[in-house]
Structure formats: C-alpha cells, structure tokens
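The values are calculated or read from the model by the stated rules, or taken from the named source; none is laboratory data. Remember, it's a predicted structure, so these values are computed and weren't measured experimentally. Neighbour counts run over all protein chains shown; Cβ positions are idealised from the backbone, glycine included.
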Amino acid sequence: MATGWGAASIPLRIALVVLCLALVVFVIGFATKGWSHRKYASEISVPNLRIPVYVEYELGLWAYDVCYTDRTDYRFGSRAASLARQYYQCTDSDIGGFIRTLPCGDWYHAVQALECLGLILMVAALILLFLYFFVQSIKQRKYLLIITALTFGAVAFIVIGVGVYGSKIKDLHHKLGWSFGVTVGSAVLGFVAGIAELIVLLK
C-alpha cells in the first residue's frame, strides 16, 4: 500500500489539514486570557480619599488580568487626581488567586482537566495521522480507527469543558470572551476532521 500525501484520499487529506488547524486554534484558546470578562464600578479606599474606579477582569484557564481604570463620570480636584492616577493599573496573576477568592474551585479545575485531556488526545490523533500518511506499518485500518476515536474523544472533552465553563461562569456575572469562542471553533474543526476520518474508515 502506497504512503505519502499523493497516495492519500481526499477526505484523509482534508482530515490532516483541518486537524492541524484545529490544534493551532485550540492552543490559542487554551493559552489566552479571554475566556470571560467582567467590568464593574467600585472604589479604592486610601487615607483621606476614596477613589472611584472601574474594575475589569479578563480570565483565562491558567491566568487572569485585573485592571483598575479611571471612572470618567467622576471628577477629582487636581491634587486628588494626581494621587488617584497611581492606582490605575493592571496586574497579571495565576488563576489560582481568582479561584481562591470565589466559590468556583471545583468546576474550574474540572474544566482545566477536561481541556488538558482534549489537548492530549488531539495531539495524539495528529501524530498518529501523520504516521498513517508516511509509515507503511501504521497504514492499517485499526490505526485509522484509533485516530478517529482519539479525534472524537478530543472533541468530546473540549465540548464538555466549554459547556461547564459557559454554564458556571455566568453565575459569577462574567460574560464569555473571545478565547472561549476560539476554543469552541477548534472543537468544530476537530469534529469536521473526525467526520473526514470516519468517511475513509467506512469505505
């Protein structure tokens, strides 16, 4: 049986290209701090002064940003304004700090674990699919079955993870962000790759 790109069927070529794209897209969503966000008005208390600020949270799976910005609806005197400016800042922290301050540790860690499993299975599926293309001993139906199972398994873990995150984060008054959408997009691409693999498997 011939190996290589030229010898592969069109559905299998589609599977390889789309699965590569799915992995790249997933890693972007997995690693970035745009899973959810929240902005609200608050105050910072300092000696003899209460500084109105907007507090903005930007959450990822592994880290988060919190920014304190000027509330343009409030006006200080010049001296107070100068003092207030030093409190307008952003900090980048490990997500553990956010989890410890709110009752979300169990489900947040579950989402992290599910997305990690999705990543592992997707990487494994892609590696095996490359080998299926170019290694004669791997070009067997049983290996294609394993590749297809790994692909759909990765999609399942990713979808369950984003489902839990999407349903739970709203309880904390956060809105879903772009990284969340990117991760969902990677699951869709992974599903398309799995369907292409399944077409080849069922021939």
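Is it the case that I138 is in the same structural domain as V17 (by TED's automatic domain parsing), free of Cβ contacts under 8 Å to residues at least 12 places away in the same chain and more than 12 Å from the chain's Cα centre (by Cα)? So I138 fits the description; yes. Would the stretch 136-156 turn up any residue that is farther than 30 Å from H109 by Cα and of a type in the set (F, W, Y)? Yes, the stretch 136-156 contains a residue that is farther than 30 Å from H109 by Cα and of a type in the set (F, W, Y). Here T148 clears all of (1) under 19 Å from the mean Cα position of the chain (by Cα); (2) crowded, with 18+ Cβ neighbours inside 10 Å except the condition numbered (1).
Take the residues in the stretch 157-173 that are farther than 16 Å from L21 by Cα and surrounded by 18 or more Cβ atoms within 10 Å (Cβ to Cβ); name whichever of them is modelled with the lowest pLDDT. Here the answer is I169.
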